[in-house]
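Below you'll find the structure, written out as structure tokens, and then a few comments.
Where a number appears in this text, it was derived from the coordinates with a stated rule and is not lab data. Since the model is a prediction, treat every value here as computed from it, not as a measurement. A quick note on method: Cβ atoms are made from the backbone with ideal geometry, for glycine too, and the neighbour counts reach across all protein chains shown.
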Amino acid sequence: NAGVTQTPKFQVLKTGQSMTLQCAQDMNHEYMSWYRQDPGMGLRLIHYSVGAGITDQGEVPNGYNVSRSTTEDFPLRLLSAAPSQTSVYFCASSRTLGQLNGYEQYFGPGTRLTVT
Amino acid sequence: KNEVEQSPQNLTAQEGEFITINCSYSVGISALHWLQQHPGGGIVSLFMLSSGKKKHGRLIATINIQEKHSSLHITASHPRDSAVYICAVPGGGADGLTFGKGTHLIIQP
């Protein structure tokens, strides 16, 4: 059971380049999400998915696209990278513990992205 | 949107000291999460609690739903407890979370 995996761990892009950050989970969780973490700020939600074929925007979605063709995979695409997208990106999946008990989140190891 | 405030932002203590990290939020919630982020960057869920108190080893988390406040305590602190501790509450769609900025804890030997 690998949990939540992310690739790559590090990436340097030039402004205007595109790339896809990969995220996969093997826990059969319906809910997956992408966050970015910037110095001096808490993690912020970019996009999320409540199941295969269903995605929605979070707090900071501009410049990012997502898709969810399978339960396991939730890639994040940067269409035209900008220096403002320099950040650490975390993918997470969650397991619901019932309506009254909330849910438990599992995080991937993160991808450190630098856009020059 | 739920606003999450943590205090202190930074805390340096000696090994063995009792540590308290506080979290307050603005909108009523069903459950609150405490997370730990080690210097290597990985994030681990420590607790999810909706009422009262939970204990895992030397870590204790409490929540007061009426006062919209939670605390994370570490007893007999150790240098390996050095990490960033993050409080998070539901928000941002479905199972999404809204996070505090974190408390950077350093335990010196």
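Annotations for the structure displayed:
- FRET E, pair A:Gln17, B:Ser50, Förster distance 35 Å, beta-carbon r, rounded to 0.05: 0.20
- Residue among A:Met19, A:Met27, A:Met41 with the largest mean-square fluctuation in a Gaussian network model of chain A, springs linking Cα atoms under 10 Å: A:Met41
- Cβ-Cβ FRET estimate between B:Glu3 and B:Arg58, R0 fixed at 30 Å, reported to 0.05: 0.50
- Virtual paramagnetic centre 7 Å along Cα→Cβ of A:Phe10, amide N under 20 Å, in segment B:42-57: B:42-43
- Peptide packing for B:32-41, A:4-13 was compared via the average number of neighbouring C-beta atoms within 10 Å per residue; ordered from the highest value, the list is B:32-41, A:4-13.
- Shape category assigned to the protein assembly as shown from the gyration tensor of Cα positions, a/c cut at 1.5: prolate
- Average partner coverage of B:25-33, which counts Cβ from other chains inside 10 Å: 2
- Working from label points 7 Å from Cα in the Cα-to-Cβ sense, the B:Arg80 to A:Ala82 distance is 4.4 nm.
- Cross-link reach is defined here as a Cα-Cα straight distance under 20 Å, omitting same-chain residues fewer than 8 places apart; for B:Lys55 the lysines meeting it are B:Lys68.
- The mean count of C-beta atoms from other chains within 10 Å of the C-beta of residues in A:42-48, rounded to a whole number, is 6.
- Between A:Thr15, A:Thr55, A:Thr86, the Gaussian network model of chain A with springs among Cα atoms under 10 angstrom shows the greatest mean-square fluctuation at A:Thr15.
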